[in-house]
1. Please specify each residue of region 135-171 satisfying the condition of being in contact (Cβ under 8 Å) with a residue 40 or more places away in the chain and over 11 Å from Val185 (Cα atoms).
2. Going by the structure shown, is Val141 loosely packed, with under 15 Cβ neighbours inside 10 Å and hydrophobic (A, V, I, L, M, F, W, C)?
3. Specify the residue that is surrounded by the fewest Cβ atoms within 10 Å (Cβ to Cβ); the eligible residues are those in region 45-80 that are in contact with a Ser or Thr (Cβ under 8 Å, 6 or more places away or on another chain) and part of a loop (DSSP other than H, G, I, E, B).
4. Do we have any residue at all in region 5-14 that's part of a loop (DSSP other than H, G, I, E, B), within 22 Å of Thr164 (Cα to Cα) and out of contact with any Leu (no Cβ under 8 Å at 6 or more places or on another chain)?
5. Exactly one of (1) without any contact (Cβ under 8 Å) to a residue 60 or more places away in the chain; (2) among the polar types (S, T, N, Q); (3) in a strand (DSSP E or B); (4) crowded, with 17+ Cβ neighbours inside 10 Å is unmet by Thr30. Its number?
6. Among what's in region 144-183 and is open to solvent by less than 40 Å² (accessible area, probe 1.4 Å) and not hydrophobic (A, V, I, L, M, F, W, C), pick the residue that is farthest from Gln38 (Cα to Cα).
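The values are calculated or read from the model by the stated rules, or taken from the named source; none is laboratory data. Just so you know, these numbers come straight off a predicted model, no measurement behind them. Neighbour counts run over all protein chains shown; Cβ positions are idealised from the backbone, glycine included. The protein model used for the area step is the full one, side chains on, heavy atoms only, and it has no ligands, DNA or RNA in it. Shrake-Rupley method; radii C 1.70, N 1.55, O 1.52, S 1.80 Å.
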Amino acid sequence: MSEDIEKSWFVVHTYSGYEHKVKANLESRTQTMGMSQQIFRVLVPEQEVTTIQDGEAKQTVENDFPGYVLVEMATPQDDNMTDEAWYVVRNTPGVTGFLGSHGAGSKPNSLMPEEVDLLMKRMGMVTRENVDLDVTVGQTVKIIAGPFSGMEGVVTSVDQEKQTLEATVEVFGRETPTELDFADVDTVLDER
């Protein structure tokens with residue numbers, strides 16, 4: 001595949017209540033079947049909701065669309081996924097089909113960019129834009145988003161294609177490895 005991979009989001013139908021299990025199964029199958037160049041991200045559309053219970057505010061996570069999982073896949077063929085990627089997703093345990101597929105072996109339609117933007121904003125995410133980050137293993141970076149926001153980490157690996165890096169962050173006196181998107185890292189600090 002070329003360096004400039006076209007990606008689109010597809011909606012996968014699952015058994016209600018099995019969304020996270022399907023996500024885990026699909027991520028595992030993507031790795032074991034060598035499909036990481038065709039299947040990129042798997043998301044369960046959910047958001048944090050504050051509810052008042054017994055006079056106390058409690059944060060809970062609610063599934064926005066029970067029975068559905070979003071999958072970002074490569075679309076090199078006329079804005080459609082490859083046969084291999086279609087087969088892997090379709091035959092993942094818990095997956096009952098794709099939304100937008102007409103059956104009889106037809107491939108589904110992808111979500112429109114406006115729909116993806118709306119879903120990502122609703123989930124508190126933004127769609128991924130290519131970030132030009134010149135970082136190498138061993139450098140220290142400042143983390144600006146996610147659970148490690150405001151902390152520093154030492155880069156242990158860089159994946160330019162996926163726009164991610166792995167870094168070790170010190171948490172409670174222990175080095176903890178974490179994967180970060182390039183967009184989650186603001187600056188590269190001088191080595192100490």
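1. Narrowing region 135-171 to residues in contact (Cβ under 8 Å) with a residue 40 or more places away in the chain: 135, 138-144, 161-162.
Within region 135-171, Gly138, Gln139, Glu161, Lys162 qualify.
2. no
3. If we take residues in region 45-80 being in contact with a Ser or Thr (Cβ under 8 Å, 6 or more places away or on another chain) and part of a loop (DSSP other than H, G, I, E, B), then Asp79 is surrounded by the fewest Cβ atoms within 10 Å (Cβ to Cβ).
4. From region 5-14, those part of a loop (DSSP other than H, G, I, E, B) are 5-6; that's our starting set.
Imposing the further condition that a residue be within 22 Å of Thr164 (Cα to Cα) reduces the set to 5-6.
Adding the requirement that they be out of contact with any Leu (no Cβ under 8 Å at 6 or more places or on another chain) leaves 5-6.
Yes, region 5-14 contains a residue that is part of a loop (DSSP other than H, G, I, E, B), within 22 Å of Thr164 (Cα to Cα) and out of contact with any Leu (no Cβ under 8 Å at 6 or more places or on another chain).
5. (3)
6. Restricting to residues being open to solvent by less than 40 Å² (accessible area, probe 1.4 Å) and not hydrophobic (A, V, I, L, M, F, W, C), the top hit is Gly153.
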